[in-house]
Each structure stands twice: as structure tokens, then as C-alpha cells.
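The values are calculated or read from the model by the stated rules, or taken from the named source; none is laboratory data. As the structure is a computational prediction, the values presented were derived from the model and not from experiment. Neighbour counts run over all protein chains shown; Cβ positions are idealised from the backbone, glycine included.
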Amino acid sequence: MSDRTPTNGDIDEAPIDGDEFSRRCRDDGEFRLAARHWTGGLRLERGADVIGVTVADGDVAAGPPPADGDGVITLAAGPAVWADIAAAVPPPFRHDAATALREGLERRSDELVWWQYAPAVQRAVELLGPDRPGGAVAPSDRGSTPRFDSPVGRYVHLTLPDGSGGDGEGGDHRIYFEQAGSGIPLLCQHTAGSNGVQWRHLFENRAITDHFQVIAYDLPFHGKSIPPVGRDWWSEPYRLTGGFLRSVPVALAEALQLDEPVFIGCSVGGLLALDLALHHPDVFQAVISLEGALHIGGEHDRLTGFWDPRVSNETKARLMQGLTSPTSPLPYRKETVQAYAAGWPPAFLGDLWYYMVDYDLRDRAHEIDTDRVGVHILSGEYDSSGTPAHGRAANEAIVGSTFAEMTGVGHFPMSENPEAFFAYLEPVLDKIRAAR
């Protein structure tokens with residue numbers, strides 16, 4: 001954390017000068033950790049004005065490095081773009097250096113150097129503006145200790161078809177799940193590359209658990225769900241496909257003998273929610289798609305840094321922070337991305353195969369029958385991946401579905417800002433209860 005104290009002057013003053021920017025980077029523990037071993041530096045071109053820091057094996061020196069120097073990353077934009085980036089509350093998609101690359105910010109650098117030091121660049125760009133501590137943590141995270149959280153975890157063995165990139169015929173998978181509450185089963189699917197810890201706040205919300213049996217599980221190869229022992233998965237590429245992914249909640253619902261469960265998923269899980277509504281309306285009474293879409297697309301082959309032995313897991317984790325809202329509580333934003341850094345390295349890129357390549361409902365969304373399965377779509381204001389525009393398009397294509405844009409949250413509403421998320425989720429759950 002920085003030792004700066006934000007003031008109202010931080011918001012209204014002219015852009016900081018080069019000396020102040022260098023001081024902030026040098027004094028910031030997060031930047032110094034992310035810049036370890038970096039030799040080169042960062043140039044910020046603000047129109048005709050240039051500031052930056054030169055870095056030698058992680059040591060920060062004042063002044064921008066030469067534009068053509070080895071290991072140098074240059075970010076360039078006009079003053080208006082930089083003013084948005086440095087604002088106390090930046091507008092969506094200009095709130096982070098990585099997301100702003102699609103919103104008027106230009107990057108010039110060696111591709112590998114960018115992947116290795118994107119976390120340092122993202123933090124440095126944050127230092128242009130005031131500290132943004134975000135909101136308060138949830139009541140369940142305050143109080144005396146020892147205390148116990150609500151969920152109880154256990155394992156179930158499921159026979160699942162192959163479909164994660166291998167050549168086998170499927171087999172036994174040891175799946176970890178946690179549960180709490182009673183009533184209508186609510187099956188929770190995490191985002192790509194993460195695990196079920198993202199749903200921990202739902203377990204502590206009595207307005208939900210008094211009426212719903214909340215069940216959060218880890219996909220195979222994620223969290224505490226270990227890989228299958230029946231094949232040489234370590235010698236196969238990992239690629240998550242729709243058939244395999246859909247089989248997991250369906251098999252889990254059958255194994256746990258869930259009566260007309262509700263499915264909720266985010267990101268990959270948000271796409272899966274709509275996929276299940278199309279393929280398994282007989283299993284689920286309703287689905288809730290967080291950050292969902294009919295199609296995401298993108299160039300999967302360009303995500304070279306998501307599984308490169310020269311790039312730390314830290315990079316893909318920090319890039320995910322750029323999908324969170326700057327107004328969400330900072331401890332929860334950091335907790336959300338820590339789960340990514342802790343994951344099996346190939347998992348995130350492999351999950352994105354489904355997210356970007358395999359999944360496409362544009363030609364079939366109209367087949368979803370909301371008289372058989374309720375469909376509810378919620379999209380975060382600051383999510384530059386599963387954008388609100390994606391959510392609206394899905395809502396328009398699926399007759400009878402509902403949609404809401406969640407202000408003040410990003411790609412991970414349930415984990416980055418649970419209190420804000422509940423204001424949108426609880427009315428949807430009330431509708432589901434009434435329909436049942």
C-alpha cells in the first residue's frame with residue numbers, strides 16, 4: 001500500500017509531475033514488488049508531456065527511460081484520456097491501464113516484457129490519481145475470533161465424460177463442494193481459472209440461506225477438486241469444452257438429488273447458465289447469468305502470457321483486477337485476484353477456450369423457452385469483458401428473460417462487492433421463489 005493520504009486537492013489539481021510520480025512509485029510497496037527484477041522502465045506520454053520511471057533490476061530511479069530502450073513499456077494518450085484514468089472515480093473501462101488499452105490508451109513495448117510487468121504498470125498508472133480504498137467489508141468479516149463461517153465442505157465422486165482436452169473416455173472425478181442453508185437448491189459456478197471461494201459471502205447472507213440451500217463447487221482441476229487419476233492428464237493440453245462443462249452441474253444435481261435446482265454462474269459460469277437453459281431446461285427451474293453473453297469471441301491464440309513459463313501467475317491475476325470496479329472494497333478486489341494467482345497455471349487459459357472459442361449461442365438463443373426455465377441476466381457496469389452491452393443483447397434474444405445492469409461493480413460481483421451485489425440478486429431470488 002502507498003503511504004499517501006488522499007485529499008480533495010488530489011482530485012482537482014493538475015496532473016502530477018514527473019518527480020512526484022517517481023516518488024510515488026519508489027515509495028509504493030505494491031509497485032516495488034511487481035517491478036522486481038525489471039530492467040527498463042515505464043514511459044507515460046501525456047500529449048507532449050512525458051513522465052516515467054527508469055528501473056534497474058527492480059530499483060526505481062527518477063525520470064522516464066528512452067523510448068527505444070530495452071525493457072521499456074510506453075503508454076501514450078491525449079490529456080483527456082489521462083484525466084479519466086487519474087480521476088478519483090474513473091469511468092468504466094478507463095479505470096485500469098489494461099482495460100484502457102481498448103479505450104484510447106496506446107501501448108508500445110516488447111510483448112513478453114508487457115506480460116511480465118503488466119502488474120507493475122497497472123499499479124504505476126493507479127498512482128497517477130488519489131488512493132481509492134473503495135467501500136467497507138461485509139459484516140461477516142468483522143467481529144471477534146474465533147468464529148465459524150456457515151458452509152460445510154465435502155467431496156463427491158462423479159463419473160464425467162472426457163472433454164477437457166484429453167483423449168480419454170472420461171472417468172472418476174473427485175469434486176469438492178460446500179453448502180449451507182435450506183430450501184431451494186442454488187448451485188453456484190465460479191469464474192474461469194478460479195474456484196468456489198468466490199461465493200463465500202452468499203453463505204453468510206441469511207436473507208438467502210433462509211430460503212435457499214447454497215452449494216458452491218470447484219470444477220475439476222480447480223481449487224480442491226483434484227484431477228482424475230484414470231488418465232495421464234499431465235501430458236495432455238487442457239481445454240474446457242461445453243459438453244464437459246455442462247456435465248458437471250448436471251451430474252452434481254443428480255448425485256445430490258437436488259429437486260429443481262437454480263443455477264447461478266459468473267463469467268464462464270454466466271455463459272454456462274445460458275448454455276444450461278438451452279440444453280437442460282428439464283434439470284434447472286431457473287438460471288442466473290452473471291456477466292453473461294451470447295458470444296464473447298476474441299483471439300485466444302494471442303493470450304500468450306496466460307500460460308508462459310516466463311510469465312508469473314501474478315500477471316493474469318492482476319489483469320483480473322482491471323475487470324473489477326474501483327469503488328469495490330480493495331480487500332475484496334485483492335482477494336478475488338489472489339485466487340487466480342493460486343490456481344493451476346494451465347487452468348485459466350484452458351477455461352478461456354470455452355469462454356472465447358467453444359461457446360456461441362447467437363443462432364440458438366431464441367430456442368430457450370423461459371416458460372420451462374427462468375432466465376435472469378445481471379451485468380456489472382465496470383466489466384469490460386462480459387459487458388452490459390453483451391448482457392442486454394442476450395436479454396433481447398431470449399424472450400421472457402430479465403436483465404439489470406449492476407452499478408458500481410465489475411466482472412466479479414459476488415466476491416468483489418457482495419453488499420452491492422445482493423441489492424440486485426435478492427429481488428431475482430424473490431422472483432424465483434414466487435414462481436416456484
Quiz item: Taking into account only those residues within the stretch 199-225 that are of a type in the set (A, V, I, L, M, F, W, C) and not in a helix (DSSP H, G or I), which is farthest from LEU158 (Cα to Cα)?
Solution: PHE212
Self-check item: Total residues in the stretch 265-288, condition under 20 Å from the mean Cα position of the chain (by Cα) and without any contact (Cβ under 8 Å) to a residue 40 or more places away in the chain
Solution: 0
Quiz item: Does PHE148 fit the bill of being part of a loop (DSSP other than H, G, I, E, B), surrounded by fewer than 18 Cβ atoms within 10 Å (Cβ to Cβ) and aromatic (Phe, Trp, Tyr)?
Solution: yes
Exercise. Test ALA80 against the criterion of being in contact (Cβ under 8 Å) with a residue 40 or more places away in the chain and either within 29 Å of the chain's Cα centre (by Cα) or farther than 20 Å from SER312 by Cβ (or both), and give yes or no.
Key: no
Exercise. Starting from the stretch 12-31, take each residue that is farther than 14 Å from ALA120 by Cα and list its partners that are of a type in the set (Lys, Arg), counting only C-beta distances under 9 angstrom and pairs at least six apart or across chains.
Key: PRO15/ARG46; ILE16/ARG24
Quiz item: Could you count how many residues in the stretch 296-312 are in contact (Cβ under 8 Å) with a residue 12 or more places away in the chain and either touching a Leu at 6+ places or on another chain (Cβ under 8 Å) or under 16 Å from LEU112 (Cβ atoms) (or both)?
Solution: 11
Quiz prompt | Verdict on THR336 being polar (S, T, N, Q) and outside any loop (DSSP other than H, G, I, E, B) | solution = yes
Practice problem: Tell me which of these SER182 doesn't satisfy, since it passes every other one: (1) over 20 Å from VAL283 (Cβ atoms); (2) over 15 Å from the mean Cα position of the chain (by Cα); (3) in contact (Cβ under 8 Å) with a residue 60 or more places away in the chain. | Solution: (3)
Quiz item: Can you tell me which of GLU291, GLU204 is within 24 Å of VAL137 (Cα to Cα), at pLDDT 95 or above and within 17 Å of the chain's Cα centre (by Cα)?
Solution: GLU291
Quiz item: Looking at GLY163, GLY153, GLY196, GLY135, which one is assigned by TED's automatic domain parsing to the domain that holds ASP358 and at pLDDT below 95?
Solution: GLY163
Quiz item: Within the stretch 329-374, which residues are of a type in the set (Phe, Trp, Tyr) and in contact with a Gly (Cβ under 7 Å, 6 or more places away or on another chain)?
Solution: TYR340, PHE348, TYR354, TYR359
Practice problem: Filter the stretch 1-50 down to residues that are acidic (Asp, Glu) and assigned to a helix (DSSP H, G or I) and give me whichever is modelled with the lowest pLDDT. | Solution: ASP10
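Just a yes or no: is a residue in the stretch 112-119 over 20 Å from PRO249 (Cβ atoms) and touching a Gly at 6+ places or on another chain (Cβ under 6 Å)? I'd like the intermediate steps shown before the answer.
Pass one, the stretch 112-119, residues over 20 Å from PRO249 (Cβ atoms): 112-119.
So of that shortlist, the ones also touching a Gly at 6+ places or on another chain (Cβ under 6 Å) come out as 113, 115.
Scanning the stretch 112-119 turns up at least one residue that is over 20 Å from PRO249 (Cβ atoms) and touching a Gly at 6+ places or on another chain (Cβ under 6 Å).
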Practice problem: Filter the stretch 185-218 for residues that are under 25 Å from GLU314 (Cβ atoms), among the β-branched types (Val, Ile, Thr) and buried (at least 24 other Cβ atoms within 10 Å of the Cβ) and give the result. | Solution: THR191
Practice problem: Taking the options ARG108, ARG123, name whichever one is touching a residue at least 40 places away in the same chain (Cβ under 8 Å) and surrounded by fewer than 20 Cβ atoms within 10 Å (Cβ to Cβ). | Solution: ARG108
